[in-house]
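The values are calculated or read from the model by the stated rules, or taken from the named source; none is laboratory data. None of these values were measured; they are calculated from a predicted model. Note: ideal-geometry Cβ built from the backbone for every residue, glycine included; neighbour counts use all protein chains shown. Accessible surface is based on the protein model in full, side chains and every heavy atom, while ligands, DNA and RNA are left aside. Shrake-Rupley method; radii C 1.70, N 1.55, O 1.52, S 1.80 Å.
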Amino acid sequence: MLAIVDYDAGNLRSVQRACLRVGLDATISADPEVVVKAEKVIFPGVGSAVSAVDTLQSRGLDQALLECFQSGKPILGICLGLQIALEYTQEGNKQCLGIVAGACERFSFTDRTLKVPHIGWNELEIVRDHPMLKSVQSGDEFYFVHSYFACPESPDHIFGQTTYGDTTFTSVLGRDNFFATQFHLEKSGETGLRLLSGFAEWQGD
């Protein structure tokens, strides 16, 4: 069974529908016991990191996710799920899960034509091989909606990057059995579905 973590961070049904399209039977759950017992976990999200972390903690889902990671089961983070996996975010000066060492910073541009949040299609540049990336290639476009971006401490955790304005940021990161994308797989058409279908095969190694 695959669990989609419900922490009131939106777009869960669209993630579930995308899973069904690639043959993944996914259950949406806010119950930490269901998440811990799942064979695989999807950790999606949009919106405020502050309220998201507070909700995770109030429901015990933060500890459930850490237990899943420590047990070695495959976890897929999407957008806010990527950001909260880091240690800290500038948004609300909030401590996060700490699965990956590093922090989230806010886009800041002197060029006023560059809007924040970064919304729309943009290219992925693959910088390191990963089993989850075998069905996509550099130059493929994905759909982004975010104001903050990940800054992992170690380059070993960076698998893909994207450039917006004069900022090149981490758009795919991973550590062991945790893999995450800043872009929305469920909103990225057939290319996103190809990557999502890889999660059905990936065993977290």
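Structure notes:
- Any pair with Cβ under 7 angstrom, 6 or more apart, that starts in the stretch 52-74 at a residue that is in contact (Cβ under 8 Å) with a residue 12 or more places away in the chain and ends at one that is outside any helix (DSSP H, G or I) and among the hydroxyl-bearing types (S, T, Y): A52/Y7; T55/Y7; L56/Y7; R59/Y7; L61/Y7
- Cβ pairs under 6 Å, 6+ apart, first in the stretch 176-187 and open to solvent by 10 Å² or more (accessible area, probe 1.4 Å), second in a strand (DSSP E or B) and not small (G, A, S): K187/Y143
- For the stretch 43-90, residues that are under 16 Å from the mean Cα position of the chain (by Cα) and among the basic types (K, R) total 1.
- Candidates T113, T163: the one that is part of a loop (DSSP other than H, G, I, E, B) and among the polar types (S, T, N, Q) is T113.
- L173 crowded, with 18+ Cβ neighbours inside 10 Å, in contact with a His (Cβ under 6 Å, 6 or more places away or on another chain) and either aliphatic (A, V, I, L, M) or in a loop (DSSP other than H, G, I, E, B) (or both): yes
- Subset of the stretch 30-86 that is at pLDDT 95 or above, of a type in the set (S, T, N, Q) and more than 26 Å from G160 (Cβ to Cβ) - its residue that is least open to solvent (accessible area, probe 1.4 Å): T55
- Qualifying residue in the stretch 95-104 (condition: modelled with pLDDT under 95 and surrounded by fewer than 16 Cβ atoms within 10 Å (Cβ to Cβ)): no
- Qualifying residue in the stretch 137-149 (condition: touching a Cys at 6+ places or on another chain (Cβ under 6 Å), in contact (Cβ under 8 Å) with a residue 40 or more places away in the chain and not small (G, A, S)): yes
- Residues in the stretch 7-26 that are touching a helix residue (DSSP H, G or I) at 6+ places or on another chain (Cβ under 7 Å) and either of a type in the set (V, I, T) or open to solvent by 40 Å² or more (accessible area, probe 1.4 Å) (or both): 5 in all.
- Lone qualifier among A180, A150 - being of a type in the set (A, V, I, L, M, F, W, C), touching an Asp or Glu at 6+ places or on another chain (Cβ under 9 Å), closer than 17 Å to F43 by Cβ and at pLDDT 95 or above: A150
- Put simply, of S135, S108 the only residue that is closer than 21 Å to C19 by Cα, modelled with pLDDT under 95, open to solvent by 30 Å² or more (accessible area, probe 1.4 Å) and not basic (K, R) is S135.
- The residues of the stretch 111-132 that are farther than 20 Å from F179 by Cβ and surrounded by fewer than 16 Cβ atoms within 10 Å (Cβ to Cβ), listed by number, are D111, R112, T113, L114, K115, V116, P117, I119, G120, W121.
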